[in-house]
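Colleague: What follows is a single structure, and I will ask about it in a moment.
Quick note: the coordinates plus some simple rules give every number you see, no bench work behind them. From a predicted model like this one, the values you see are computed outputs, not experimental measurements. Here the Cβ positions follow ideal geometry from the backbone for every residue, glycine too, while neighbour counts run over all protein chains shown.
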Amino acid sequence: MPLANETVGTDQELWNAFRKGEEQAFAQIARQYYPGLFSYGAKFSRDREFVNDCVQDLFLELWSKRESIGDTQFVKFYLFKSLRRKIHRESIRRNRLGEEQELEWDYEILFDESFEQQLITLETNEQRLKALNQQLESLSKRQQEAIYLKFFENLDNNSIAEVMNITPQAVANLIYRSIRDLKERL
């Protein structure tokens, strides 16, 4: 068992240390996952303060319920799914959504500058990048979300299915159709 001031290695070790009340482990989880969670949450709302509040509330709830939270090998998946639910519940509570409505995926902030820069460097062809962006915009909101979770957050189809509340086969179909459509258009 690591000491409270040591940094723990794997996600699962961090998670278990956090569940036992180790503040350092909790802080490391927050530092490690906050940027990705905020980026993911920002796809559902342009209100950055609302998203920030949801992410912070998620971490506060995690800390307060740490002793009753179960074990997981998939910390990232757990956090993304929890944040998606929190944003949905908060949106309903703030009368931004009705009970039956889904969250709206906002394509406009799908790419951050560093990723765009990486694509430009890899492709060395700005026209191809613009064409790809235009074609991604033409995908449905669900397709955009699935593509983001698969290729930007590296989640597997089962995890994406859980986050999006659809079946793994629906995820596979969604991603396949999205890539097929993009290839045809490009």
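Colleague: Quick one: what are the phi-derived ³J(HN,Hα) couplings along segment 131-141, Karplus 6.51/-1.76/1.60 with θ = phi - 60°, whole Hz, x for glycine and proline?
Modeller: After applying 6.51 cos²θ - 1.76 cosθ + 1.60, I find 5, 4, 4, 4, 5, 5, 4, 7, 6, 5, 4 Hz.
Colleague: I need to check one value: relative contact order of segment 11-93, counting alpha carbon pairs closer than 8 Å and at least 6 residues apart, in percent.
Modeller: On the way: 63 pairs, mean separation 32.5, N = 83.
For segment 11-93, the relative contact order is 39 percent.
Colleague: Taking every alpha carbon pair in segment 133-173, what does the distance histogram look like in 10 angstrom bins from 0, in percent?
Modeller: Per 10 Å bin, starting at 0, the Cα pair percentages come out as 33, 54, 13.
Colleague: Ok, one more. Going by how many other Cβ atoms sit within 10 Å of their own, how do Phe18, Phe77, Phe38 line up, fewest first? Kindly include the intermediate steps, with their values, before the conclusion.
Modeller: On the way: Phe18 23, Phe77 19, Phe38 16.
Ascending number of Cβ neighbours within 10 Å: Phe38, Phe77, Phe18.
Colleague: Considering just Cα atoms, how many Å³ per residue does the convex hull of segment 11-93 enclose?
Modeller: Considering the Cα atoms of segment 11-93, their hull volume per residue is 84 Å³.
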